[in-house]
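Peer 1: Handing you a structure now.
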Amino acid sequence: MDPSNEIGAQIERLTKAAAGQKVTIDGVEYATTALFDPRKAEATPRPLEVSELEALLDYVTSQIDAKYVAERGLLLHVESPTKVVAWTHLFGPHNQRVALAIAETDLEPIHFGAFLDPETFIIELQSRAVPTEDLAKVLALCGSLTTEAVRTIEDDGVSQTAKVRAGVVMQAERKVPNPVRLRAYRTFMDLPQPEVPYILRLRGGGDGKPPACALFEADGGAWKAEATARIAVRLKEGLAFMAVPPNVLA
């Protein structure tokens, strides 16, 4: 055989192999080479970012992006007590989804479960919780602690007694209230804050060190479900007047 013809035949076989073929096995079609979709995914706009729930409602109800939304649909997903995302429905050849707006709070939460010195503890509670009767009791107790060790009189994990200042020089013992129901800022500021039971614990410092205070959640995180439900209710109320309100997923 002419060597040039042999080389030409090899090139032809390699070219066909590179081009790929369809192979049917047990009724299923396979390709002998990788296939790529030449269609480009549609460019996605940068989502709007707001910190209040009402701002997200204003965006949706104002229908600023009505044409874009009409073509792709819209749903509101309550991802957590502090975050809601406005998503489009799936669209396009790549079944993509776009986030048009995100509402996320920038709250600084109280350090639950951590023992803090009374001064830091009081500042956190005053600045990050709604004033209530129970909050006033906790502040009064923690603001009156002496530097002496806190005495635990019942070893049941709940009841404690603390020495507090009574007047200028006198000292008195006061039982630590438990559980206390507080409304810390834990969801959007334009919504009622969930009331949660907490266990208040005190720890003596000793050697001249100040005592420490801590709050521990006592509802197993149920407040998250309550806050999420409230967000969903508020969204549905705010969207009810629209001719075709977006779906709300919580």
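Peer 1: What residues have an amide H closer than 5 Å to that of Ala101, excluding those fewer than 5 places away on the same chain, when H is modeled at 1.01 Å from N in the peptide plane?
Peer 2: For Ala101, whose amide H was placed from the backbone, the distant partners under 5 Å are Leu48, Ala86.
Peer 1: What full-extension length gain, to one decimal in nm, is calculated for Lys40 and Ala55 as 0.36 nm per residue of separation minus the Cα-Cα distance?
Peer 2: Length gained, Lys40 through Ala55: 2.1 nm.
Peer 1: Okay, moving on. DSSP loop (so not H, G, I, E, B), at most 10 other Cβ within 10 Å: list which chymotrypsin sites (Phe, Trp or Tyr not before Pro) in segment 192-250 pass both filters.
Peer 2: Those satisfying the criteria are Phe241.
Peer 1: Tell me the GluC sites (Glu not before Pro) within segment 23-93 that lie in a loop according to DSSP and have at most 16 other beta-carbon atoms within 10 Å.
Peer 2: Glu42, Glu52
Peer 1: Toward the positive end of the charge dipole of segment 59-144, about the Cα centre and with charges on Cβ (Lys, Arg +1; Asp, Glu -1), which of Leu135, Gln96, His111 goes farthest?
Peer 2: Of the listed residues, the answer is Gln96.
Peer 1: Next up: List the trypsin sites (Lys or Arg not before Pro) in segment 173-241 that DSSP assigns to loop (not H, G, I, E or B) and whose Cβ has at most 12 other Cβ atoms within 10 Å. Which are they?
Peer 2: Those that pass, being in a loop and sparsely packed, number zero.
Peer 1: Can you give the FRET efficiency to the nearest 0.05 for Glu79 and Gln21, using r as the Cβ-Cβ distance and R₀ = 51 Å?
Peer 2: Calculated transfer efficiency: 0.65.
Peer 1: Residue by residue through segment 59-66, which ³J(HN,Hα) values in whole Hz follow from phi under the Karplus form 6.51 cos²θ - 1.76 cosθ + 1.60 (θ = phi - 60°), with glycine and proline marked x?
Peer 2: Running phi through 6.51 cos²θ - 1.76 cosθ + 1.60 with θ = phi - 60° gives 4, 5, 6, 6, 6, 4, 9, 4 Hz.
Peer 1: Given a Förster distance of 41 angstrom, what is the FRET efficiency for Glu119 paired with Ala218, based on the Cβ-Cβ distance and rounded to 0.05?
Peer 2: 0.95
Peer 1: For segment 36-92, what is one quarter of the convex hull surface built on the Cα atoms, given in nm²?
Peer 2: Its average projected convex-hull area is 5.0 nm².
Peer 1: Counting only the backbone N, which residues of segment 214-235 are under 19 Å from the spot 7 Å out from the Cα of Glu195 toward its beta-carbon?
Peer 2: 216-231
Peer 1: Which entries in Lys40/Lys67; Lys40/Lys236; Lys67/Lys236; Lys175/Lys224; Lys83/Lys175; Lys67/Lys224 show an alpha-carbon gap greater than 27 Å?
Peer 2: Over 27 Å Cα-Cα: Lys40/Lys236; Lys175/Lys224; Lys83/Lys175; Lys67/Lys224.
Peer 1: To the nearest 0.05, what FRET efficiency results for Val28 and Asn95 with a Förster distance of 22 Å applied to their C-beta separation?
Peer 2: Efficiency computed from Cβ-Cβ geometry: 0.45.
Coordinate-derived values only; no laboratory data. Remember, it's a predicted structure, so these values are computed and weren't measured experimentally. Please note: Cβ atoms are built from the backbone with ideal geometry, for glycine as well, and neighbour counts cover all protein chains shown.
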